[in-house]
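Asks: Take a look at this one; I'll ask things after.
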Amino acid sequence: MKDQLSQEEREELEIDLLLQAVYRVSGFDFNQYMRSSIKRRIDNRMRLDRVRTVSGMIEKVLYDKGFVEKLISDFSINVTEMFRDPDFFKSFRTKVIPLLRELPEIRIWHAGCSTGEEAFSMAILLEEEGLYDRSKIYATDMNERVLEQAGKGILPLNRMQSYTKNYLQSGGSQAFSEYYTTDYQFAYLNPSLLKNITFFQHNLVTDGSFNEFHVIMCRNVMIYFNSELQESVNQLFYDSLSKGGFLGVGNKETLRTMDYSEKYSEFDCREKIYKKL
């Protein structure tokens, strides 16, 4: 018989069992997410709900539907903003857009879109470049709650000042306030910006390709995946891109988990934009 488990081994076993319980109850598999990130979110939920042990959380997952929904929301990374990393969007505008002009139809996938800010940003960029009418944006996330919010096109008014700054730094040429109306609390995007965006649920861990795209954006999502899952998702994106299509990832992310040099050229190395060979 093995000696007594150490505290660290016991904690790892508890987390394994918790993630297994979440998967069995909900169908969402977080086993290949970075364990350090998952552990931080577990610790935070334990503190918020005053649960003393991870084993206590397993019991709540099994018997409290509301709790498992909160936990899934905790594990879903929903940090985003409009024109996030403005230099990325500036590069996309100046370098990628001229090549997209040649296409009769443009299909773009924003994977892990959260509440939709980057998809809205792309819609504005395409509108300004005269390409939105022949573009279709597919914005997906595993979290139904954030997708419901995204579909409304409603943003916190207190974020619009920073979004305006991002927009201008990204090469925006209009008055950003023309793209929304406001009340005392929220900004409401013009309905014309939402007409070519389709929001729906897609899980990068378990779901496959659903179309062929000219552009795929998945920025600051894969940093939360372990190397095995990154490899799987990178392959999914490769299979989903048309020849000559573009993949944009976050500035802390890489394609080096796959033999990317045979599959992509570094279209903009600094801004992490790759072109499928």
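Asks: If contacts are Cα pairs under 8 angstrom and at least 6 residues apart, what is the relative contact order of the chain in percent?
Replies: RCO, the chain: 17 percent.
Asks: Decide, for the stretch 1-64, between rounded, prolate and oblate: order the square roots of the alpha carbon gyration tensor eigenvalues as a ≥ b ≥ c, take rounded if a/c falls under 1.5, and otherwise choose prolate if a/b is larger than b/c, else oblate.
Replies: Verdict is rounded for the stretch 1-64.
Asks: To the nearest 20 debye, what is the magnitude of the charge dipole of the stretch 186-277 about its Cα centre, counting +1 on the Cβ of each Lys and Arg and -1 on the Cβ of each Asp and Glu?
Replies: The dipole of the stretch 186-277 has a size of about 340 debye.
Asks: Counting other Cβ atoms within 10 Å, which trypsin sites (Lys or Arg not before Pro) in the stretch 126-201 have at most 15 and lie in a DSSP loop?
Replies: The qualifying sites are K195.
Asks: Oh, and also: Once every DSSP H run of n ≥ 4 in the chain is given -39500 (n - 2.57) and the sum is divided by its residues, what mean residue ellipticity at 222 nm do you get, rounded to the nearest 500 deg cm²/dmol?
Replies: -12500 deg cm²/dmol
Asks: A follow-up question, please. Given L19, W109, I97, which one lies farthest toward the positive end of the charge dipole of the stretch 1-112, if we put +1 on the Cβ of every Lys and Arg and -1 on the Cβ of every Asp and Glu?
Replies: Value computed over the given set: I97.
Asks: Something else now. Any idea what the alpha-carbon Rg over 2.2 N^0.38 Å comes to for the chain?
Replies: Normalised by 2.2 N^0.38 Å, the Cα Rg of the chain equals 1.09.
Asks: Additional query: Which value, in Å², gives the accessible area per residue of the stretch 40-189 when a 1.4 Å probe is used on the protein heavy atoms?
Replies: Solvent-accessible surface per residue comes out at 48 Å².
Asks: May I ask which of K60/K195; K70/K275; K95/K136; K70/K276 have a Cα-Cα span longer than 31 Å here?
Replies: Flagged as over cut-off: K60/K195; K70/K275; K70/K276.
Asks: Relative contact order of the stretch 166-277: what whole-number percent is it, with Cα pairs under 8 angstrom and at least 6 residues apart?
Replies: Across the stretch 166-277, relative contact order equals 21 percent.
Asks: Right, here's the next one. D for the stretch 33-122, whole µm²/s, Stokes-Einstein with Kirkwood Rh over alpha-carbon pairs at 25 °C and 0.890 mPa s: what number?
Replies: In µm²/s, the coefficient rounds to 150.
Asks: Taking a probe of 1.4 angstrom, what is the accessible area of T198 in Å², to the nearest 10?
Replies: Around 50 Å² of this residue is reachable by solvent.
The values are calculated or read from the model by the stated rules, or taken from the named source; none is laboratory data. Here the structure is a predicted model, which is why all the values come from computation and not from measurement. For neighbour counting, all protein chains shown are included, and Cβ atoms are generated from backbone atoms with ideal geometry for every residue, glycine included. For accessibility, only protein heavy atoms count, side chains too; no ligands or nucleic acids. Shrake-Rupley method; radii C 1.70, N 1.55, O 1.52, S 1.80 Å.
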